[in-house]
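Let me begin by presenting the structure, written as structure tokens, before commenting on it.
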Amino acid sequence: MRRTTKSALASAALIASLATGLSYGAASAAASGSLTGAGSTLVAPFEAYWGQEFEKKGVSVTYAAVGSGSGIAQISARTVDFGASDAPMTPAQAAECKGCVQIPWALTATGIGYNLKGVKRLRLTGPIVAKIYMGKITKWNAKPIEKINKGVKLPNEKITVVYRSDGSGDTYAFTDYMSHVSKQWKKQVGNATSVEFPTGVGGDGNSGVTAVVESTQGAIGYIAASYIYDHGLKAAQLQNAAGRWEYPNLPKIEEAAAVVKHVPSNNEMHIVDPPKRAKKAYPLSTFTYVIVPKDAPQKALLGEFIKYALTTGQKFGAALDFAKMPKVMLNAAFKTLKSL
């Protein structure tokens, strides 16, 4: 698995045209002050660059990577200026947040990391991953896995399942995907930021799951792609609806997002398990959102920060395995941003 940057460079002309008309007066080039945010660990590496660069404008941005569930809870309680979540808010969460909007500001994927000595390439299907996480496939050399990995010497070793113990957008994307590919999963486990996993051990945040997989021979875990790359873990190839085996590389993530033709008013989008026409799509791709109150006291400064993240800030994405967002999502993001 490797990063591919060919299609990751955002079009400056496109972004500039979409951003036209966004104005926040005194909060522009001469902005000063501070912002606090909390939530998604998936977007944390990207946000770290945004915060670091935005400080050059005189604005301090403090972000706590505590998981999407906590991010939604904290912005709902107004203990931070913005929340970040890879999972769109549920109707109940949206009501609790009282006037919050969710704006898509990044596009990436959740990978399936594994630790198997001597196994450099591993293929998995969605249904097989579901059976592993439901405790129905417990050995790496089980026949269903061997069948799709011909020529690969798989060990007669127990599979250690690792999941997120915190409320997580990665869990939301993963269980959304599992619910698409397994009727049994959908019925017994479901789709949410926190679910009752039938088996396995938990890790707190992407860093926690990464640490458990790294240190446990025979482990498997769903992890944000950027963490897999940065920690040198191996990622499984997932079979998409077209029958192809794909890694979470940038063009594959972008092809998954390209199926979006219409964005609802609340910006909630699901791009897991895209249809066969998305021939090379990675099937566990996801948007991630910033959540802000429309009446936020800091809305001018927030508007500048979010605009920066959607424009200049996107240049850091390719190195972190964040892909270029499709025009339809950028349009939706800027439209919502204008409503602040």
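Values in this text are rule-based calculations from the coordinates and carry no lab data. In this text the structure is predicted, and so the values were computed from the model without any measurement. Glycine gets a Cβ as well: all are built from the backbone with ideal geometry, and neighbour counts include every protein chain shown.
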**Request:** Please name which of 222, 67, 85 has its Cα lying farthest along the dipole of the chain towards the positive end, using unit charges on Cβ (Lys, Arg +1; Asp, Glu -1) and the Cα centre as origin.
**Result:** 222
**Request:** Compute the distribution of all C-alpha to C-alpha distances in region 86-186, in bins of 10 Å from 0, and list the percent of pairs in each, rounded to whole numbers.
**Result:** 13, 38, 29, 14, 7, 1
**Request:** Express as a percent, rounded to the nearest 5, the fraction of DSSP beta bridges in region 110-257 (both residues included) that run antiparallel.
**Result:** 55
**Asked** Among 49, 114, what is the fewest-to-most ranking by other Cβ atoms within 10 Å?
**Response** 49, 114
**Request:** Taking amide H positions as placed in the peptide plane 1.01 Å from N, state which residues far from residue 101 in sequence (5 or more) or on other chains have amide H under 5 Å from it.
**Result:** 292, 294
**Item:** region 151-284 - percent relative contact order, Cα under 8 Å, separation 6 or more
**Value:** 24
**Asked** Looking at this model, which pairs from 276/324; 261/335; 120/150; 131/186 are more than 18 angstrom apart at the alpha-carbon?
**Response** 276/324
**Prompt:** Ordered by packing density, taken as the mean number of other Cβ atoms within 10 Å over each peptide's residues, highest first, how do 104-110, 315-321 rank?
**Reply:** 104-110, 315-321
**Fill in**
Rounded to the nearest 5, the percent of antiparallel DSSP beta bridges in the chain equals 55
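Counting each DSSP H run of 4 or more residues in the chain as -39500 (n - 2.57), what helix-only mean residue ellipticity at 222 nm follows after dividing by all residues, to the nearest 500 deg cm²/dmol?
Mean residue ellipticity, 222 nm, calculated: -9500 deg cm²/dmol.
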**Message:** Defining a contact as two alpha carbons under 8 Å apart and six or more residues distant in sequence, what relative contact order in percent does the chain show?
**Reply:** 28
**Item:** Packing-based exposure ordering (other Cβ within 10 Å, fewest first) of 168, 76, 265
**Value:** 265, 76, 168
**Prompt:** All other residues with a Cβ under 14 Å from the Cβ of residue 216 taken together, and with Lys, Arg as +1 and Asp, Glu as -1, what is their net charge?
**Reply:** +1
**Request:** Give me 231, 262, 180 ranked fewest to most by other Cβ atoms within 10 Å of their Cβ, as a rough exposure proxy.
**Result:** 262, 231, 180
**Item:** region 30-96-region 115-153 distance, computed between alpha-carbon centres (Å)
**Value:** 37
